[in-house]
Each structure stands twice: as C-alpha cells, then as structure tokens.
Amino acid sequence: MTLQLIVTLLVFAPLAGALIVGLFGRRLGDTPSMAITTGLLFFACALAWTTFAHLIWGGGPSHFTVEIAPFINVGAFQSDWSIRVDTLSAVMLVVVTSVSALVHLYSWGYMADDPGRPRFFAYLSLFTFAMLALVTASDFMQLFFGWEGVGLASYLLIGFWYHKPSANAASIKAFVVNRVGDAGFALGIMTCFWAFGTIRFAEIFTQVAGHVPNTWRFAGRDWPLVDLACCLLFIGAMGKSAQFFLHTWLPDAMEGPTPVSALIHAATMVTAGVYMVCLLSPMFEYAPVAREVVTVVGAVTALFAATVGLAQNDIKRVVAYSTCSQLGYMFFAAGVGAYPAAMFHLFTHAFFKALLFLGAGAVIHAVHHEQDMRKMGGLWKHLPITYAVMVIGTISITGVGIPGLDLGFSGFYSKDAIIDAAFIAGRTNGISDFAFFAGLIAAGLTSFYSWRLIFMTFHGHAKWGHASSHDAHGDNHAKDHGHGGDPHEAPWPMRGPLLLLAFGAIAAGGLFTELFVGPERMAFWRGAIFTLPGNHILDSVKSLPPVVVWAPLVVTALGFVGAWYAYILKEGMGARIAERRGFLWSFLYHKWFFDELYHLVFVRGARGLGDLFWKGGDKALIDGLGPDGVSAVSYAFGRFTGRLQTGYVYHYAFVMLLGIAGLLSFALWAFR
C-alpha cells in the first residue's frame, strides 16, 4: 500500500463512518453503529501513526501532496481538493485520530444509556473528518472548508442534548462567536488572494518576501500588506481557539457530553488556530506587528483564563478554562517565533488535557452526574484508578519536573520550552518580556487551581453523601446507576482510554522533546515550519540563567502549597472566602463580567437597534407611509362614505337637492 493511498484512506475513513451511521444508524442499531465508527477511527489512527513514522524515520520525501478532485475553478481563483502531508500535518493527524479514537471508545461506556448513540457517534466521526480535512489542506479554500466543518460539527455536538435549553443556547453561542472570528478569517483569505493572486500555500509562501515592502491604504493611512493579512487571519484563530475577547463560548460549550469536551476542547478544534499560525509561519515571520499582536493576545489569554479558573466550582469548567490558558501559551510561543515549541505544547497538551476531561467525566459518572466540586470530596478511596490518572494529568499540566536533569512529565518539557523561549525573545523585544512574566504567573495559578480541583474532588470530607443527586446533563445515564449507592469506578471502555492517555501524559514529552524542540528539530520539521535566519531562540535556551530555569518549578510549587493550605490544611477556607462575596472573588467567579458586558453591549444593543429599525423604521416609517398608511386612509374613507348610505329615501332626496343646487349655482357663476 503506497503512502498516498494510506493518507487518502486515513482522511476519508471517518467520513465513511459518519455517512453509514448517520444515514442507516437506526436500522443498524446501537452496537453496530458504535462498532463501525469506532473501528474506522482506530483504523485511521493506525494509518496516521504509520504515516508519521514513515515521514520521520522512513527516509522518504519530507512532504507530498495527493490530488483528489477539482474543487473550485473560477477565473484566477483555483482550488483543488488535495491532501498535503508534511511533518506539521503528520503531527496533527496523529493527535486528531489518537484522541478521537480513544474518545469513541470512552463513549461506549459514558453514553451507554443514551437513546441517541448512533447520532452521537456519527457526529463525532463527522467532526473528525472535518478536522482531518483542515490539517491536510493545501490551500485556503480547503482550510476554510475544514474550518467551517468543525464549526458545524461542534454546534451539533455541543447541542446534542437539544431538549435542554442551556445546551441549545451554548451551541448557538459557540456558532455565533466563531462566526465573528471567521469574518476576519475570510477577510484575511481575500486579502491573500488580492495580494498574491493565489490561495495555494506553496505559491503564496514563495512570494511573501517580495511583498514585505507593499502596503494597503485604508482609512487614510498605509498598512503593511503582510501584517494586515496575518492580523486578519489571526482573528479567525482567536475565535476558533477561544482567545481573549472571543473566548466566551468555550466554558458554555461544557453543556455538551463530556466526550465532546475532550475531543473538541482538548486536542482538536481549539488547537486549529495554533496549527494555522504555525502553518503560516512563512507569512508571520515577515509580519512583526502581527506577531506582536499574537504574543500579547496569547499572554493575556493565558493569564486571564488562569485567574478565572481559581474561582470556578464546576469541574468541567475548571478544565475548560485551563484549556483556554494553555492555548494562550501556544499562541505567545508562536508570537515570539518559537513555532516548534508551540506545536510541542499542542502535542503534549492533547494527552494530558484529554486525560483530565475524560477523568472528569469518570468522576461525574461515579457521583451520578454531579459536576459541582463542592458536592464531592473524599473520592480517592472509591475511585483509585481515576484518582491516579487525574493526578498524572495534573502533574503534567502544571509542568512539574527537574530542569537540571530534564526529568518530568510531558507538560514540563513543552511548557518550560515556551517560557524559556519568551525570556530569550525578551532580550530584544519588551512584549516578549510581558509574555514571559505572564507565563510565569499563569504557571503558578495553573498549579493552584489544578491541585484545588484534585483536593476538592478526591480529598477532604465526603460531601456527595449529603448532596441531592441529580442528572446534570439531562440524559438518561442516572437511570442505570441509581441515586443512593457509593461512587464507583467507570466501566472498562472508559478506563482503558484513561490509562492510554495517562501513558502519553507521562512519556510523550520525554520521548519527543529532542525531535520537536531539541537539536534534531531541523531534521524533524524539514521545512514544514519556517523561521528567518536570525531566529535562534530555541538554540539559546541551554544558556539561560539558573533563576530563569528554576522559576517555573518555584511558582508551580508555590501554587501547590497554596492549594494544599486552603483546601487540605484549612479545609473550608475557600468556601468561607466565597461566602463573603468579596469584589475579587465576584470578579473572578463571574469571569471578569465578560458575559454580562457582552449581553449589555451586543445582545441588548442589537435588540435595541433591531427594535429601532423594526418598530421605528420599518413599521412606523416605511409601512406607516406605505402599504399600512394607504390601507388605513382607504379604510377611513370607506367608513366615512359608508355612513352616507343610510337607506332612507329622504336622505337621498336631500343629497340630490344639494347636488342640483350646487350644479345650478356653478352654471349661473360660469355663464353669467
């Protein structure tokens, strides 16, 4: 089997599963539907790892393209459906298919009692296909197709329990907020086509250097062309990857089933923006202003989301805000020019974040679908396996490791590489200094809220025995488990993926650090990521001052000690702080009041503007002077003339006499 055939089967296998189960799922039944989609995903996963191994260690070409079919050909706008494979896309193929396959398997247990399983598994496979189409795109048109495809699939998955008003609202919110970002993305694609005369990446990248001096005049000033295009494209990445200002959809998306949270918000859709920035590194390297924008937005997002995570009580929302924060790390890494470090963190993040989401799902499953951590506690004795894998995920996300020995879990290698790269870049750029300090503070906060989750959920006094059980999702899971029993471990279809992801969270960083960001990275990436000759950021990380090397571990330890003090040594301290409803707690608990602000400005503002145009403009002015006004005048005139038709002869005779008198008067006046 040729490599070209392998990647073709790899991309279209999930689509085949989605079509078969989506069209015939009811006739096939639940188990065959789940078996078909899950089997095809594991098949695609095996092909993805085969492609990755062949590309990295097989000694073959560094990249190749498989032409599938013509797509859009309108004048100079030429787009063919093709599959582009290089190291960058191969990494994404491994990430997407691995996490998706394990999520499919996990869903066998988590969705065991849901009546809509064929529909759910069809949506999962459709989402996976759209993501694969995105990461293998060879031009902007196919990238946009995959971009919108994952948006559509995420809308379907977030609102899977459509009978819940909150799920419907969350799916619509995700769709609308992403459309805001996609408007900028579409404008960026148009700018590229207008500037370069093509939308094919290979043709654009060869022209970028020659277009650096070019400008575009808008609003009375000249804008650097490449910077403008990159900033517009980055707006799309901000929406898809839930960056500051366009982040509000991500926490609400937790209304979907937990496997959806793991698939969409851990390793796939939300990382599409990071992938796009790294893919377009030949453009961003020549766009210093755009890179500064990326750096600032990423650093602010990492810090903002980490602060909000401190005060959340829903276990899935805490993990969701940690996703938002980790995406900020990836973006400011790309912004300072450390694209390999951004991709490395994307790779390791896929393992430990999917592990944390699925582990949270196992906890929710165990406590009869309760998601409030204040109603948990003392679960480690009842859920030893879940507890162990959640601790592994927490150690990985907090980046615990020994810098001098390069010994730690996966997150240690990638997060430290990003923070070190920001410090190196800060020697020549003050904005990178801001990213460095924001990354350090966010690391300490990440440690605090991550261990807070562990301590509130698994340690302390058990509170689940006193909480009224309820079905937080509105599905039928709780029927099978009852409401009075003790918490219990999830079934093996759920535990198996947790153990596999735990291995990735432990070992993925150490196994691949040399390839992604070490001395072998040039041979590994082989042109898939472009940096200018003067970009030596990752080459300089070995010569950092000891205070910089050890700073991440110090702030991480401080975060752990703070969480231990507040939630173990002084158990109940956090609850007492929350009861006081202080300004800082309220500010963080209400997520910096972004939802309230957006509701006031955009929702109520749009409604007020709509009322003005509808009631004032359309109804009062246009309809009032137009059809409604004419009909009202006709109606009034008809009612007036109708009153003259009394039915009495003497009334008609009187009117006739008046008419004759009037006619005679006119005749005498006219012919005098």
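The values are calculated or read from the model by the stated rules, or taken from the named source; none is laboratory data. Small disclaimer: the values here were computed from a predicted structure and weren't measured. When we count neighbours, we look across all protein chains shown, and the Cβ atoms used for this are built from the backbone with ideal geometry, even at glycine. These area figures cover heavy atoms from the full protein model, side chains too; ligands, DNA and RNA do not enter into them. Shrake-Rupley method; radii C 1.70, N 1.55, O 1.52, S 1.80 Å.
Quick rundown of the values:
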item: Condition check for residue 10: open to solvent by less than 10 Å² (accessible area, probe 1.4 Å), touching a Ser or Thr at 6+ places or on another chain (Cβ under 9 Å) and not in a loop (DSSP other than H, G, I, E, B); result: yes
item: Subset of region 65-84 that is out of contact with any strand residue (DSSP E or B) (no Cβ under 6 Å at 6 or more places or on another chain) and among the hydrophobic types (A, V, I, L, M, F, W, C) - its residue that is least open to solvent (accessible area, probe 1.4 Å); result: 77
item: Extreme residue, farthest from the chain's Cα centre (by Cα), among residues of region 396-417 that are β-branched (Val, Ile, Thr) and surrounded by fewer than 24 Cβ atoms within 10 Å (Cβ to Cβ); result: 402
item: Test: residue in region 61-79 that is free of Cβ contacts under 8 Å to residues at least 60 places away in the same chain and either under 26 Å from residue 530 (Cα atoms) or in contact with a helix residue (DSSP H, G or I) (Cβ under 6 Å, 6 or more places away or on another chain) (or both); result: yes
item: Boolean, residue 430 is touching a Lys or Arg at 6+ places or on another chain (Cβ under 8 Å), modelled with pLDDT under 90 and surrounded by fewer than 24 Cβ atoms within 10 Å (Cβ to Cβ); result: no
item: Test: residue 31 is touching a residue at least 40 places away in the same chain (Cβ under 8 Å) and either of a type outside the set (A, V, I, L, M, F, W, C) or open to solvent by 50 Å² or more (accessible area, probe 1.4 Å) (or both); result: no
item: Residue in region 158-165 that is among the small types (Gly, Ala, Ser) and not in a helix (DSSP H, G or I) present; result: yes
item: Flag for residue 181 being crowded, with 19+ Cβ neighbours inside 10 Å and either under 30 Å from residue 590 (Cβ atoms) or not hydrophobic (A, V, I, L, M, F, W, C) (or both); result: yes
item: Residue in region 572-585 that is in contact (Cβ under 8 Å) with a residue 40 or more places away in the chain and touching a Gly at 6+ places or on another chain (Cβ under 9 Å) present; result: no
item: In region 388-401, the residues that are at pLDDT 90 or above and either out of contact with any Lys or Arg (no Cβ under 9 Å at 6 or more places or on another chain) or of a type in the set (Ser, Thr, Tyr) (or both); result: 388, 390, 391, 392, 394, 395, 396, 398
item: So residue 587, is it modelled with pLDDT under 85 and among the aromatic types (Phe, Trp, Tyr); result: no
item: When residues of region 534-549 are limited to those that are modelled with pLDDT of 90 or more and in contact with a helix residue (DSSP H, G or I) (Cβ under 6 Å, 6 or more places away or on another chain), the one farthest from residue 521 (Cα to Cα); result: 548
item: Residue match in region 195-212 (condition: at negative phi, in contact with a Cys (Cβ under 8 Å, 6 or more places away or on another chain) and in a helix (DSSP H, G or I)); result: yes
item: Residue within region 421-429 that is β-branched (Val, Ile, Thr), under 13 Å from residue 537 (Cα atoms) and touching a residue at least 60 places away in the same chain (Cβ under 8 Å) present; result: yes
item: Single residue of 35, 44 found to be more than 27 Å from residue 143 (Cα to Cα) and at pLDDT 95 or above; result: 35
item: Matching residues, region 593-645, being open to solvent by 60 Å² or more (accessible area, probe 1.4 Å), more than 30 Å from residue 244 (Cβ to Cβ) and of a type in the set (Val, Ile, Thr); result: 622, 630, 633
item: The lone exception for residue 93 - which of (1) under 30 Å from residue 340 (Cβ atoms); (2) surrounded by fewer than 24 Cβ atoms within 10 Å (Cβ to Cβ) it fails; result: (2)
item: Wholly enclosed helices (runs of 4 or more DSSP H) of region 478-590 bearing at least 1 residues closer than 27 Å to residue 360 by Cα and within 27 Å of the chain's Cα centre (by Cα); result: 492-516, 546-564, 583-589
item: From 625, 553, residue being free of Cβ contacts under 8 Å to residues at least 12 places away in the same chain and among the aliphatic types (A, V, I, L, M); result: 625
item: Residues satisfying the stated conditions in region 278-324, i.e. under 15 Å from the mean Cα position of the chain (by Cα) and closer than 22 Å to residue 131 by Cβ; result: 298, 301, 316, 319, 320, 322, 323, 324
item: Members of region 239-289 that are in contact with a Cys (Cβ under 9 Å, 6 or more places away or on another chain) and on the phi > 0 side of the Ramachandran plot; result: 242
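A quick yes/no check of all residues on (1) modelled with pLDDT of 95 or more; (2) open to solvent by 10 Å² or more (accessible area, probe 1.4 Å); (3) out of contact with any Leu (no Cβ under 8 Å at 6 or more places or on another chain):
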{"position": "86", "(1), (2), (3)": "no, yes, no"}
{"position": "99", "(1), (2), (3)": "no, no, no"}
{"position": "107", "(1), (2), (3)": "no, no, no"}
{"position": "110", "(1), (2), (3)": "no, no, yes"}
{"position": "115", "(1), (2), (3)": "no, yes, yes"}
{"position": "139", "(1), (2), (3)": "no, no, yes"}
{"position": "146", "(1), (2), (3)": "no, no, no"}
{"position": "149", "(1), (2), (3)": "no, yes, no"}
